[in-house]
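Just dropping this structure here.
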Amino acid sequence: MLFILGLPQFGLAESLKRLKVLAPEIPGAAEPNLEGRDIELVLATFEECGFSAQFVMQPYERHARTYRERQDFDAIMTVPLHWRLPGYSTSAYIWYQNGAFYKHSRVGPIERIKDLAGLNVVTFRQGVDVLGISNNVPEFASLTEIADQTIHSRLLFMGRVDAILADGFVVAEVNRRIFREKRRGENWPSQSDTFRFAPIFNPAPHKMVFRDPELAAAFDQCFDDLRKSEVIADINQKYIDKYQHVLRFRYLAR
């Protein structure tokens, strides 16, 4: 997918070519059509800097492997702060809020990791390590790691699992799409089911990494300018607020 933005305005070399950027495909956050909360924050910052960019979408984590293995990519987005990748890191530009998305009408309330004891839980691939819950795994009735987050939601709706451990906004977006595309004859979830989100983990900051230190510094400055002018807050609010009914003002303490 290509997205072209103006000419460099940040005093960088005139020979700066269109940047080739790796991005993870995440529902509601970074989509192939270049929509979503995460990628819109990056695009707004690039526009402020006058950067021109080509985005290549890959599954989360694979995008990091590709960046390590191939030198033809100039930058990568959605990188946890503790990941060490070749190049120069920016400050955090987005926070994800992992927690428990669960059927409140069946197992609620859930407020902390201990409340999941005895429950069947699903999370994303390598979620046990990312969330730091390896010591809690023996307490669950079961825990499964599955990469496809649509499967997470379908398992929750069908009662096969009691909770999803993942980012609350992303789960809410996946749920919305399943509701919208509900197939004929499907009787789940029932109208009596209620779902809630509990932010039982700390917000997870993510950064960008550029191979050129000038580009990383420029991104930070442009992002800070947009933050001061409320553009960043407006983008976050636009996406998160539409799910307040289920996130209950508990996503990133909103």
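The values are calculated or read from the model by the stated rules, or taken from the named source; none is laboratory data. These numbers were taken from a predicted model, which means no experiment stands behind them. So basically every Cβ, Gly included, is an ideal-geometry build from the backbone, and we count neighbours across all protein chains shown. The area values use the complete protein model at the heavy-atom level, side chains included, leaving out ligands, DNA and RNA. Shrake-Rupley method; radii C 1.70, N 1.55, O 1.52, S 1.80 Å.
So, for segment 98-198, what is the accessible surface per residue at a probe of 1.4 Å, expressed in square angstrom?
Numbers: 4940 Å² over 101 residues.
Dividing the accessible area of segment 98-198 by its residue count gives 49 Å².
May I pose another question? With a 10 Å radius around each residue's Cβ, average the other Cβ atoms per peptide and rank 160-172, 230-242, highest first.
Descending packing order for the listed peptides: 160-172, 230-242.
Say each of residue 111 and residue 202 gets a label point 7 Å from the Cα, pointing the same way as Cα to Cβ; how far apart are those two points in nm?
2.1
Here is a follow-up. Could you work out the helix-only [θ] at 222 nm for the chain, with each DSSP H run of four or more residues adding -39,500 (n - 2.57) and the total divided by the number of residues, to the nearest 500 deg cm²/dmol?
For the chain, the value works out to -9000 deg cm²/dmol.
Using +1 on the beta carbon of Lys and Arg, -1 on that of Asp and Glu, and nothing else charged, what's the dipole of segment 98-198 about the Cα centre, debye to 20?
Dipole size: approximately 440 debye.
Tell me, what is the FRET efficiency for residue 25 and residue 228 to the nearest 0.05, using R0 = 22 angstrom and their Cβ-Cβ distance as r?
Working: r = 30 Å, r/R0 = 1.39.
Computed FRET efficiency for residue 25 and residue 228 comes out at 0.10.
Keeping the other protein chains in place, figure out the carbon and sulfur percent of the accessible area of the chain, with a 1.4 Å probe. Mind showing how you got there, number by number?
Values: 5970 of 12360 Å².
Roughly 48 percent, rounded to a whole number.
Once Lys and Arg get +1 and Asp and Glu get -1 on their Cβ, which of 158, 113, 137 lies farthest toward the positive end of the dipole of segment 98-198?
158
Quick check for me: using +1 on Lys/Arg Cβ and -1 on Asp/Glu Cβ, what's the dipole size of the chain about its Cα centre, in debye to the nearest 20?
That gives a dipole near 880 debye.
Can I ask one more? Any idea which of 170, 33, 44 is furthest toward the positive side of the dipole for the chain, if Lys and Arg beta-carbons carry +1 and Asp and Glu beta-carbons -1?
Checked the options; the winner is 170.
Report for segment 98-198 the percent antiparallel among DSSP-assigned beta bridges with both residues inside it, nearest 5.
For segment 98-198, the DSSP antiparallel bridge percentage is about 55.
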